[in-house]
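K.L.:
Quick one: the structure is below, and I'll ask about it shortly.
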Amino acid sequence: MNTEILIDGYPFIPYTHPTYNDKEMIVRSVDFYQWLDQRRSVRDFSDKPVPLPVIENILRAASTAPSGAHKQPWTFCVVKDPLVKSKIREAAEKEEKESYENRMSNEWLEDLKPLQTDWKKPFLEIAPYLIVVFKKAYDLKPGNIKRNNYYVNESVGLACGFLLAAIHHAGLVALTHTPSPMNFLTTLLGRPENERPFLLIPVGYPHENTYVPKLERKKLNEVMVLY
Ligand code: IYR
(Lines give C-alpha, C1' and ligand atoms only; values in the text may rest on other atoms or scores of the structure.)
Protein backbone atom coordinates (compact mmCIF):
# COMPACT_ATOMS: atom_id res chain seq x y z
CA MET A 1 0.00 0.00 0.00
CA ASN A 2 1.37 3.40 -0.96
CA THR A 3 0.92 5.71 2.03
CA GLU A 4 3.03 8.51 0.60
CA ILE A 5 1.40 11.97 0.53
CA LEU A 6 2.49 15.20 -1.11
CA ILE A 7 2.84 18.42 0.88
CA ASP A 8 3.41 21.41 -1.35
CA GLY A 9 4.56 18.89 -3.95
CA TYR A 10 7.10 17.22 -1.64
CA PRO A 11 6.74 13.56 -0.67
CA PHE A 12 6.08 12.69 2.99
CA ILE A 13 5.70 9.21 4.47
CA PRO A 14 4.08 8.15 7.76
CA TYR A 15 6.50 7.95 10.68
CA THR A 16 6.16 4.88 12.80
CA HIS A 17 8.29 4.08 15.79
CA PRO A 18 7.66 1.85 18.80
CA THR A 19 6.65 3.56 22.04
CA TYR A 20 7.06 2.14 25.54
CA ASN A 21 5.32 2.58 28.87
CA ASP A 22 7.09 4.50 31.66
CA LYS A 23 8.56 1.41 33.28
CA GLU A 24 9.88 0.05 30.02
CA MET A 25 11.37 3.45 29.20
CA ILE A 26 13.19 3.62 32.53
CA VAL A 27 14.68 0.18 31.98
CA ARG A 28 15.63 0.88 28.38
CA SER A 29 17.19 4.26 29.18
CA VAL A 30 19.23 2.86 32.08
CA ASP A 31 20.36 -0.08 29.96
CA PHE A 32 21.42 2.22 27.15
CA TYR A 33 23.28 4.55 29.51
CA GLN A 34 25.12 1.67 31.17
CA TRP A 35 26.07 0.25 27.81
CA LEU A 36 27.36 3.60 26.50
CA ASP A 37 29.20 4.22 29.76
CA GLN A 38 31.39 1.22 28.95
CA ARG A 39 32.79 2.94 25.86
CA ARG A 40 36.31 4.21 26.30
CA SER A 41 38.83 5.85 24.02
CA VAL A 42 41.55 3.30 23.43
CA ARG A 43 45.08 3.95 22.22
CA ASP A 44 46.46 0.39 22.28
CA PHE A 45 45.10 -1.53 19.32
CA SER A 46 45.46 -5.12 18.21
CA ASP A 47 46.32 -5.70 14.56
CA LYS A 48 43.62 -8.41 14.39
CA PRO A 49 41.71 -7.88 11.12
CA VAL A 50 38.13 -6.66 11.14
CA PRO A 51 35.81 -7.65 8.27
CA LEU A 52 35.20 -4.72 5.92
CA PRO A 53 31.38 -5.25 5.98
CA VAL A 54 31.45 -4.37 9.70
CA ILE A 55 33.09 -1.04 8.89
CA GLU A 56 30.60 -0.50 6.07
CA ASN A 57 27.66 -1.06 8.45
CA ILE A 58 29.20 1.22 11.06
CA LEU A 59 29.44 3.94 8.42
CA ARG A 60 25.85 3.33 7.32
CA ALA A 61 24.88 3.89 10.98
CA ALA A 62 26.99 7.07 11.23
CA SER A 63 25.45 8.39 8.06
CA THR A 64 21.94 8.21 9.60
CA ALA A 65 22.81 11.24 11.76
CA PRO A 66 20.69 14.37 11.33
CA SER A 67 22.29 17.15 9.31
CA GLY A 68 21.55 20.74 8.32
CA ALA A 69 18.96 20.68 5.50
CA HIS A 70 19.71 16.95 5.23
CA LYS A 71 22.86 17.74 3.28
CA GLN A 72 24.84 14.93 4.97
CA PRO A 73 28.04 16.95 4.61
CA TRP A 74 30.50 14.16 5.39
CA THR A 75 32.90 11.77 3.69
CA PHE A 76 34.38 8.81 5.55
CA CYS A 77 37.69 7.70 4.06
CA VAL A 78 38.48 4.17 5.15
CA VAL A 79 42.20 3.46 5.14
CA LYS A 80 43.25 -0.20 5.18
CA ASP A 81 46.35 -0.01 2.97
CA PRO A 82 49.46 -0.35 5.22
CA LEU A 83 51.44 2.01 3.00
CA VAL A 84 48.85 4.79 3.30
CA LYS A 85 48.57 4.15 7.06
CA SER A 86 52.33 4.48 7.47
CA LYS A 87 52.35 7.75 5.48
CA ILE A 88 49.56 9.06 7.72
CA ARG A 89 51.49 8.02 10.83
CA GLU A 90 54.66 9.68 9.62
CA ALA A 91 52.89 12.98 8.82
CA ALA A 92 50.77 12.92 11.99
CA GLU A 93 53.77 12.26 14.22
CA LYS A 94 55.68 15.11 12.61
CA GLU A 95 52.85 17.53 13.48
CA GLU A 96 52.29 15.99 16.91
CA LYS A 97 55.98 16.20 17.83
CA GLU A 98 55.97 19.89 16.94
CA SER A 99 52.73 20.37 18.92
CA TYR A 100 53.91 18.58 22.05
CA GLU A 101 57.33 20.25 21.95
CA ASN A 102 56.43 23.77 20.81
CA ARG A 103 52.75 24.51 20.16
CA MET A 104 50.79 23.27 23.18
CA SER A 105 50.59 25.44 26.29
CA ASN A 106 51.86 24.23 29.66
CA GLU A 107 48.29 24.15 30.89
CA TRP A 108 47.29 21.91 27.97
CA LEU A 109 50.23 19.55 28.54
CA GLU A 110 49.34 19.44 32.24
CA ASP A 111 45.70 18.62 31.39
CA LEU A 112 46.84 15.71 29.22
CA LYS A 113 49.10 14.14 31.86
CA PRO A 114 46.37 11.86 33.29
CA LEU A 115 45.93 10.45 29.77
CA GLN A 116 49.69 9.85 29.34
CA THR A 117 49.64 10.75 25.65
CA ASP A 118 52.68 11.79 23.67
CA TRP A 119 53.59 12.51 20.04
CA LYS A 120 54.13 8.87 19.15
CA LYS A 121 51.12 7.35 17.36
CA PRO A 122 51.86 3.67 16.62
CA PHE A 123 48.11 2.95 16.57
CA LEU A 124 47.95 4.72 13.20
CA GLU A 125 49.75 1.71 11.70
CA ILE A 126 48.54 -1.04 14.03
CA ALA A 127 44.76 -0.50 13.92
CA PRO A 128 43.27 -2.42 10.97
CA TYR A 129 41.36 0.63 9.77
CA LEU A 130 41.70 4.38 10.02
CA ILE A 131 38.47 6.22 9.36
CA VAL A 132 39.36 9.73 8.25
CA VAL A 133 36.29 11.90 8.55
CA PHE A 134 36.05 14.89 6.24
CA LYS A 135 33.49 17.67 6.51
CA LYS A 136 32.18 19.18 3.32
CA ALA A 137 32.37 22.95 3.68
CA TYR A 138 30.13 23.07 0.59
CA ASP A 139 28.93 20.58 -2.03
CA LEU A 140 30.48 20.42 -5.46
CA LYS A 141 27.89 19.48 -8.10
CA PRO A 142 28.72 18.38 -11.64
CA GLY A 143 30.05 21.34 -13.63
CA ASN A 144 31.88 22.63 -10.53
CA ILE A 145 28.67 24.23 -9.22
CA LYS A 146 28.97 25.11 -5.51
CA ARG A 147 25.99 24.45 -3.24
CA ASN A 148 25.85 25.52 0.40
CA ASN A 149 25.91 23.20 3.39
CA TYR A 150 24.58 24.29 6.78
CA TYR A 151 25.66 23.66 10.37
CA VAL A 152 28.51 21.60 9.00
CA ASN A 153 30.44 21.19 12.28
CA GLU A 154 27.32 20.27 14.21
CA SER A 155 26.24 17.79 11.53
CA VAL A 156 29.60 16.05 11.19
CA GLY A 157 30.04 16.05 14.98
CA LEU A 158 26.71 14.27 15.31
CA ALA A 159 27.68 11.73 12.63
CA CYS A 160 30.91 11.06 14.52
CA GLY A 161 28.92 10.52 17.73
CA PHE A 162 26.76 7.97 15.96
CA LEU A 163 29.93 6.46 14.49
CA LEU A 164 31.53 5.98 17.92
CA ALA A 165 28.32 4.41 19.27
CA ALA A 166 28.15 2.04 16.27
CA ILE A 167 31.81 1.03 16.77
CA HIS A 168 31.11 0.33 20.44
CA HIS A 169 27.98 -1.65 19.56
CA ALA A 170 30.01 -3.85 17.20
CA GLY A 171 32.40 -4.68 20.05
CA LEU A 172 35.25 -2.67 18.60
CA VAL A 173 37.15 0.31 19.98
CA ALA A 174 38.20 3.65 18.59
CA LEU A 175 40.12 6.80 19.33
CA THR A 176 38.98 10.28 18.35
CA HIS A 177 42.36 11.49 17.22
CA THR A 178 42.96 15.08 16.13
CA PRO A 179 46.52 15.52 14.92
CA SER A 180 46.84 19.22 14.49
CA PRO A 181 47.02 20.74 11.94
CA MET A 182 45.37 18.02 9.86
CA ASN A 183 45.81 19.44 6.34
CA PHE A 184 48.24 16.65 5.45
CA LEU A 185 45.23 14.30 5.30
CA THR A 186 43.68 16.29 2.44
CA THR A 187 46.88 15.95 0.42
CA LEU A 188 47.67 12.34 1.33
CA LEU A 189 44.17 11.13 0.50
CA GLY A 190 43.76 13.44 -2.49
CA ARG A 191 40.48 14.92 -1.25
CA PRO A 192 38.67 17.59 -3.26
CA GLU A 193 38.85 21.30 -2.42
CA ASN A 194 35.44 21.37 -0.67
CA GLU A 195 36.46 18.82 1.98
CA ARG A 196 38.28 19.56 5.24
CA PRO A 197 39.67 16.95 7.63
CA PHE A 198 37.52 16.69 10.78
CA LEU A 199 38.62 13.65 12.81
CA LEU A 200 40.96 10.70 12.41
CA ILE A 201 39.46 7.59 13.99
CA PRO A 202 41.47 4.36 14.26
CA VAL A 203 39.14 1.38 14.66
CA GLY A 204 39.83 -2.19 15.70
CA TYR A 205 40.09 -4.56 18.62
CA PRO A 206 41.84 -3.41 21.76
CA HIS A 207 45.29 -4.88 22.33
CA GLU A 208 45.15 -7.65 24.95
CA ASN A 209 45.81 -6.33 28.47
CA THR A 210 44.84 -2.80 27.49
CA TYR A 211 44.73 -0.26 30.27
CA VAL A 212 42.80 2.99 30.02
CA PRO A 213 43.01 5.99 32.34
CA LYS A 214 40.81 5.73 35.41
CA LEU A 215 38.47 8.58 34.60
CA GLU A 216 35.43 9.88 36.46
CA ARG A 217 32.49 11.06 34.42
CA LYS A 218 30.76 14.19 35.64
CA LYS A 219 27.74 13.49 37.82
CA LEU A 220 24.31 14.29 36.46
CA ASN A 221 23.94 17.37 38.67
CA GLU A 222 27.14 18.77 37.13
CA VAL A 223 25.87 18.48 33.57
CA MET A 224 22.10 18.89 33.92
CA VAL A 225 20.15 21.97 34.94
CA LEU A 226 16.39 21.56 35.26
CA TYR A 227 14.28 24.67 34.73
N1 IYR B 1 46.29 15.72 19.43
C2 IYR B 1 47.24 15.32 20.42
C3 IYR B 1 47.00 15.95 21.76
C4 IYR B 1 45.73 15.62 22.44
C5 IYR B 1 44.85 16.62 22.67
C6 IYR B 1 43.72 16.39 23.38
I7 IYR B 1 42.49 17.93 23.79
C8 IYR B 1 43.43 15.09 23.86
O9 IYR B 1 42.28 14.83 24.56
C10 IYR B 1 44.33 14.08 23.64
C11 IYR B 1 45.50 14.35 22.92
C12 IYR B 1 47.28 13.80 20.54
O13 IYR B 1 46.47 13.13 19.90
O14 IYR B 1 48.13 13.28 21.23
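The values are calculated or read from the model by the stated rules, or taken from the named source; none is laboratory data. All of these numbers come straight from a predicted model, not from anything done at the bench. A quick note on method: Cβ atoms are made from the backbone with ideal geometry, for glycine too, and the neighbour counts reach across all protein chains shown. Ligands, DNA and RNA are excluded from the accessible area calculation, which covers all protein heavy atoms including side chains. Shrake-Rupley method; radii C 1.70, N 1.55, O 1.52, S 1.80 Å.
K.L.:
Just grab the label-to-label distance for T16 and Q116, each label 7 Å out from Cα along the Cβ direction, in nm (one decimal).
P.N.:
So the two model labels end up 5.3 nm from each other.
K.L.:
So what J values fall out for region 44-51 if you push phi through Karplus, 6.51 cos²θ - 1.76 cosθ + 1.60 with θ = phi - 60°, rounded to Hz, Gly and Pro as x?
P.N.:
9, 9, 8, 8, 4, x, 10, x
K.L.:
What's the whole-number percent of alpha carbon pairs in the chain lying beyond 33 angstrom?
P.N.:
Values: 6998 of 25651 pairs.
When all Cα pairs of the chain are counted, 27 percent exceed 33 Å.
K.L.:
Could I ask something else about it? Keeping all protein chains in place and using 1.4 angstrom, which order do L59, L124, L83, L115 fall into by accessible surface area, from largest down?
P.N.:
Working: L59 25, L124 0, L83 110, L115 55 Å².
Ranked list, largest accessible area first: L83, L115, L59, L124.
K.L.:
Using a 10 Å Cβ count of at most 12 others and DSSP loop calls, identify the longest part of the chain lacking such GluC sites (Glu not before Pro).
P.N.:
Answer from the scan: 5-192.
K.L.:
Accessible area, 1.4 Å probe, largest first: how do R103, R39 sort?
P.N.:
R103, R39
K.L.:
Work out the FRET efficiency for T187 and K23 from their Cβ-Cβ distance, taking R0 = 41 Å, and round it to the nearest 0.05.
P.N.:
0.15
K.L.:
Still on this model: In whole angstrom, how far apart do the alpha carbon centroids of region 13-67 and region 134-195 sit?
P.N.:
19
K.L.:
Could you pull out the pairs from K87/K113; K80/K214; K71/K121 whose alpha carbons sit more than 29 Å apart here? Mind dumping the intermediate values first?
P.N.:
Values: K87/K113 27 Å; K80/K214 31 Å; K71/K121 33 Å.
Correct reply: K80/K214; K71/K121.
K.L.:
If you don't mind, there's one more thing I want to ask. Can you list residues whose amide H is under 5 Å from L199's amide H, if they're 5+ apart or on another chain and H is modeled 1.01 Å from N?
P.N.:
The answer is V133.
K.L.:
Compute the accessible area per residue over the chain, keeping the other protein chains in place, probe 1.4 Å, unit Å².
P.N.:
Value for the chain: 68 Å² per residue.
K.L.:
How large a share of the accessible area of the chain, in percent, is made up of carbon and sulfur atoms when the probe is 1.4 Å and the other protein chains stay in place? Please list the in-between numbers first.
P.N.:
On the way: 8440 of 15410 Å².
On the chain, the fraction of accessible area on carbon and sulfur atoms equals 55 percent.
K.L.:
Can you list the HN-Hα couplings for region 178-191, worked out from phi with the Karplus curve (6.51, -1.76, 1.60; θ = phi - 60°), rounded to whole Hz and with x for Gly and Pro?
P.N.:
With coefficients 6.51, -1.76 and 1.60, one gets 10, x, 10, x, 9, 3, 4, 5, 4, 5, 4, 9, x, 7 Hz.
K.L.:
Using DSSP to define loop residues, name the chymotrypsin sites (Phe, Trp or Tyr not before Pro) in region 6-63 whose beta-carbon has at most 15 other beta-carbon atoms within 10 Å.
P.N.:
Y15, Y20
K.L.:
Can you list residues from other chains, or at least 5 along the same chain, whose modelled amide H is less than 5 Å from the amide H of A174?
P.N.:
V42
K.L.:
When Rg is the radius of gyration of the Cα atoms in region 102-227 and Rh is its Kirkwood radius, what does Rg/Rh come to?
P.N.:
Ratio value, two decimals: 1.01.
K.L.:
Sort H169, H207, H17, H177 by heavy-atom solvent-accessible area, probe 1.4 angstrom, most to least.
P.N.:
H169, H17, H207, H177
K.L.:
Also: Rounded to whole Hz and in sequence order, give me ³J(HN,Hα) for region 61-67 from the Karplus expression 6.51 cos²θ - 1.76 cosθ + 1.60, θ = phi - 60°, writing x for Gly and Pro.
P.N.:
4, 4, 6, 8, 4, x, 8
K.L.:
Heads up, I need the accessible area for K136: 1.4 angstrom probe, whole protein in place, Å², nearest 10.
P.N.:
Only protein atoms counted, so the area is about 50 Å².
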